[in-house]
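Below is one structure, written out as structure tokens; the observations come after it.
The values are calculated or read from the model by the stated rules, or taken from the named source; none is laboratory data. Quick caveat, the model's predicted, so the values are computed rather than measured. Here Cβ is always computed from backbone atoms with ideal geometry, including for glycine, and neighbour counts include all displayed protein chains. Calculation scope for accessible area: heavy atoms of the full protein, side chains included, ligands and nucleic acids excluded. Shrake-Rupley method; radii C 1.70, N 1.55, O 1.52, S 1.80 Å.
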Amino acid sequence: MRISADEIARFSATVDSLRMAVRIPGLSVAVVADGRVVLGRGFGYADVEARRPMTEHTPLPIASVTKPVSAVVAMRLVEMGKLDLDRRMSTYDGFAEFCTDVRQGGGIFFHDYHCDSQPLTLRHVLSMQANGDVGTRFFYNPASYSWASRPMAQVAGTPFSDLVAEYVFGPAGMTRSARIHRRLPLRPDLAADKAQPYHVDSTGALVRSPEPPPQGDGAAGGVVSTASDMARFDIALDDGRLVSEASREAMWTPGRGPSGAGLPYGLGWFAKDVAGHRVVWHTGLWEGAYSALYLKVPDEHVTLILLANSDGLQWSTRLDEAAIERSPFARAFLTSLGGFGVSALPRR
């Protein structure tokens with residue numbers, strides 16, 4: 001898709017205006033068109049107190065934008081004949097214990113998670129069709145998705161974080177990206193440059209947030225990256241360096257319910273038709289600390305990557321819906337650079 005310098009300049013100004021409106025201290029941005037980065041820059045500050053500017057090379061936790069990265073690892077293992085997405089989760093080591101724990105705990109993600117009585121597979125988990133009668137509806141369950149790292153590590157005989165490094169970071173040239181978890185601290189060079197987290201408190205003041213707590217080596221999160229490195233991931237995904245075209249299309253193909261109705265999630269990606277365009281995306285959120293948006297219009301060959309050091313990129317949505325149209329940043333991108341007409345994009 002051909003994008004002019006004037007269009008990029010106008011979009012940049014819009015992004016910064018939206019950033020200031022929702023009081024994001026620092027925002028890192030990359031736009032990829034036809035396999036090349038046409039915009040890479042930062043707005044505001046990675047560290048407000050130190051007045052350290054945000055740039056496209058500033059590392060930030062990408063939270064659930066990790067899910068498309070993890071899905072690539074899954075599809076790579078499928079291509080190698082090591083992983084079967086339709087194998088029952090109950091056959092993997094440790095899943096019975098996990099199932100018992102979450103069923104007893106219940107809560108928002110597991111009150112109808114029938115892992116002890118339903119034929120739950122890894123495909124159901126990766127496509128967010130694990131709740132209720134499996135394979136019948138979409139329900140966003142990041143805690144279930146996180147456990148998907150266990151089957152991948154088990155069949156490969158390799159820790160999940162090592163699989164991400166081998167099958168994603170290395171082939172994509174993502175030298176400013178790393179996995180982190182309880183037993184794997186952030187590399188010192190990235191830790192020194194990482195953006196600090198912030199939130200707006202009850203008085204309306206912008207204040208430093210505590211760092212998000214350490215997690216396990218799960219598939220739902222655990223990546224620190226930069227906008228420029230995520231652009232490298234995007235380019236490598238499109239040009240076939242990570243998985244085959246068939247695997248990529250499988251990730252971007254929305255699920256179907258029993259009636260044939262479309263579900264708004266593929267394998268590790270939100271995916272649906274918006275105003276006649278195929279759109280795939282993922283969001284990331286550490287509430288009160290960080291947020292992210294990775295949005296593609298595949299048929300137009302254009303991508304937006306946003307990483308923020310507050311939760312200002314989030315918008316109101318339920319766990320059983322996918323409403324990219326509500327994001328002001330997504331709307332600005334789709335109507336200015338994504339090939340959408342302004343009047344074509346619904347508001348809902």
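List the residue pairs whose Cβ atoms are under 6 Å apart, where the first residue sits in region 1-25 and is at pLDDT below 95, the second is surrounded by 14 or more Cβ atoms within 10 Å (Cβ to Cβ), and the two are 6 or more positions apart or on different chains.
Going by the 6 Å Cβ cut-off, the qualifying pairs are Met1/Ala33; Met1/Glu300; Met1/His301; Met1/Val302; Ile3/Ala33; Ile3/Val38; Ile3/Leu337.
Residue pairs, Cβ under 6 Å, 6 or more apart or interchain, first in region 78-94 and part of a loop (DSSP other than H, G, I, E, B), second among the β-branched types (Val, Ile, Thr). List them.
Correct list of pairs: Lys82/Val155; Leu83/Val155; Asp86/Thr121.
Could you please let me know if Glu249 is of a type outside the set (S, T, N, Q), open to solvent by 50 Å² or more (accessible area, probe 1.4 Å), in a loop (DSSP other than H, G, I, E, B) and more than 22 Å from Leu39 (Cα to Cα)?
Considered against the rule, which asks whether it is of a type outside the set (S, T, N, Q), open to solvent by 50 Å² or more (accessible area, probe 1.4 Å), in a loop (DSSP other than H, G, I, E, B) and more than 22 Å from Leu39 (Cα to Cα), Glu249 comes out as no.
Among the candidates Thr100, Thr91, Thr55, which residue alone is among the hydroxyl-bearing types (Ser, Thr, Tyr) and under 27 Å from Ser228 (Cβ atoms)?
The match here is Thr55.
What is the number of the single condition among (1) surrounded by fewer than 19 Cβ atoms within 10 Å (Cβ to Cβ); (2) within 21 Å of Asn141 (Cα to Cα) that Met75 does not meet?
(1)
Of Arg248, Arg256, which residue is modelled with pLDDT of 95 or more and within 26 Å of Val125 (Cβ to Cβ)?
Arg248
Identify, from the list Ser291, Ser336, the residue that is hydroxyl-bearing (Ser, Thr, Tyr) and crowded, with 20+ Cβ neighbours inside 10 Å. Write out each step before concluding.
Numbers: Ser336 fails: crowded, with 20+ Cβ neighbours inside 10 Å.
None of the other options fit; the residue is Ser291.
Please pick out the residue among Leu306, Leu319, Leu285 that is crowded, with 21+ Cβ neighbours inside 10 Å and either in contact (Cβ under 8 Å) with a residue 60 or more places away in the chain or over 22 Å from Ser149 (Cβ atoms) (or both).
Leu306
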